[in-house]
Amino acid sequence: MDRFFFSLGALLAGVAVAAGAFAAHGLRERITPEMLAIFETGARYQMYHALALLAVAWAAARWPASAAPLAGWLFVAGIVVFSGSLYVLSITGLRWLGAVTPLGGLAFLAGWTVLAWTVARAG
């Protein structure tokens, strides 16, 4: 499981870099500055949580019987829902997606809580 989350984290970090480059070079002239900022927020949070998956991989390797994989899946869900909804919202202008975004934020918060709990209990 540790290699899976490390690989996925590295892949999603690369996708975050590509998304940021796409925003800077492909979207700047096509969407409003407000929508560009929303897209960039999605890319930034994707990068943060792709790096968090590297921490999950380390925790899963260090403590194999821990809840670290749950934290990893919560981070993945957060990336898909939070960042994904912001990407789609900024490109399409579908404002209702803004109501979905906080669910991804809750997944991020739950992931950090589970990761902290995992490390605290492993001590």
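The values are calculated or read from the model by the stated rules, or taken from the named source; none is laboratory data. None of the values given here were measured: they were computed from a predicted structure. Every residue, glycine as well, gets a Cβ built from its backbone with ideal geometry; the counts of neighbours run over all protein chains shown. Side chains are part of the model used for accessible areas, which takes the heavy atoms of the whole protein and leaves out ligands, DNA and RNA. Shrake-Rupley method; radii C 1.70, N 1.55, O 1.52, S 1.80 Å.
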- Message: Could you go through the range 29-41 and let me know if any residue there is at pLDDT below 95 and under 21 Å from TRP117 (Cβ atoms).
- Response: no
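Regarding the range 106-116, can at least one residue be identified that is of a type in the set (Ser, Thr, Tyr), out of contact with any strand residue (DSSP E or B) (no Cβ under 6 Å at 6 or more places or on another chain) and part of a helix (DSSP H, G or I)? Outline the logic, then answer.
Restricting attention to the range 106-116, the residues satisfying the condition of being of a type in the set (Ser, Thr, Tyr) are 113.
From what's left, out of contact with any strand residue (DSSP E or B) (no Cβ under 6 Å at 6 or more places or on another chain): 113.
Filter once more, so that each one left must be part of a helix (DSSP H, G or I): 113.
Yes - at least one qualifying residue is present in the range 106-116.
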- What about LEU103, is it of a type outside the set (Phe, Trp, Tyr), touching a residue at least 24 places away in the same chain (Cβ under 8 Å), in a helix (DSSP H, G or I) and under 23 Å from ALA13 (Cβ atoms)? no
- Task: Using the structure shown, decide if MET35 is open to solvent by 40 Å² or more (accessible area, probe 1.4 Å), of a type outside the set (Gly, Ala, Ser) and in contact (Cβ under 8 Å) with a residue 40 or more places away in the chain.
- Result: no
- Tabulated pairs, the range 57-75, first closer than 22 Å to ALA13 by Cα, second surrounded by 15 or more Cβ atoms within 10 Å (Cβ to Cβ) and among the charged types (D, E, K, R), C-beta under 8 angstrom, 6+ apart or interchain: ALA57/ASP2; TRP58/ASP2; ALA60/ASP2; ALA61/ASP2
